[in-house]
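Here is the structure we will look at, set down as structure tokens.
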């Protein structure tokens, strides 16, 4: 049986993680029936690149009424997730929302209220839980191989290529993402909670900007493609088919200067957590590392 899916946000995540797999692999159970975005030109590109033909909308409620989806997939800018999650449920749809669900407690509580009132499902899937390595770690912990979890040390490093990608986009501005501690570290905190087998009781953290933003460099132009100063972080998007051709609509591309004034998201974080079951977590993120990767250390009462 095919379920009908509509998209709130013509993002690359929506295209490559959901729409294209539906069309290429899961046609027996899923069909895309509409996409909503404020940038209609990008939405048309979303449809073309998906390999299927379905309508483009610039009004979200009209899309719901006309395309009649079973489920809405929310893949827009993080700060606006709640608008579409809540409205979709109110209009009778289940929701799959990209992590993180939303950006502050008020929005989260509004989503919880709407879910209770409508009885619809809201799903946020953390894909790290399905990666073979992490699955094996969880299996070992669940088997009691090291006894009760006492402490977890988790260190995550993003190299300059990966790290700068967040600051070239809207993710580098708190008003849109509320920082990497939500947008990126959500995966890591979910893993830590899963491994600890408990929920946080006490949390404190420090953060700083040591690589990106106006305090760490000069911004001769807002975009790399308009900049004459080809610094070591210059990126060439001249062959881009998804953002640059449609910049005239909303001014958005993914080659914004990593030193621009609007950047206010931390690029280095340190977090300590005490869980309800007494397990402890020490976590760090560095989004400007020469090395890409992570390190895990988990200690238990038996090893």
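If you sort the three axes of the alpha carbon gyration tensor as a ≥ b ≥ c, you get a/c of 1.5 or more for segment 3-125 and a/b above b/c, which makes it prolate. A Förster radius of 25 Å, combined with the Cβ-Cβ distance separating residue 159 from residue 238, puts the computed FRET efficiency at roughly 0.60. Counted residue by residue at 0.36 nm each, then reduced by the alpha carbon distance between them, the extension gain from residue 272 to residue 70 reaches 68.7 nm. Model label sites at residue 127 and residue 142, defined 7 Å from Cα along the beta-carbon direction, differ in position by 2.2 nm. The gain in end-to-end length when the residue 117 to residue 230 segment is fully stretched comes to 35.3 nm, 0.36 nm per residue minus the alpha carbon separation.
Recomputing mean projected area of the Cα convex hull in nm² from the coordinates shown identifies the correct label among (i) 17.2; (ii) 20.3; (iii) 16.2 as (i). For segment 3-125, the relative contact order works out to 25 percent when only alpha carbon pairs closer than 8 Å and six or more residues apart are counted.
Ranked from highest to lowest mean number of other Cβ atoms within 10 Å per residue, what is the order of the peptides 132-138, 9-15?
Packing order, densest peptide first, comes out as 9-15, 132-138.
Note: relative contact order over the chain, using C-alpha pairs below 8 Å and six or more positions apart, is 20 percent. For residue 2 and residue 206, the difference between the fully extended length at 0.36 nm per residue and the C-alpha to C-alpha distance is 68.8 nm. Over the chain, DSSP H runs of length four or greater, each weighted -39,500 (n - 2.57), average out per residue to a 222 nm ellipticity of -8000 deg cm²/dmol. Arranged from fewest to most other beta-carbon atoms within 10 Å of their beta carbon, 52, 226 become 226, 52.
Taken together, the values in this text are just the output of simple stated rules run on the coordinates, not laboratory data. Worth saying up front: this structure is predicted, and the values here are computed from it rather than measured. Don't worry about glycine lacking a Cβ; one is built from the backbone with ideal geometry, like all the others, and counts go over all protein chains shown.
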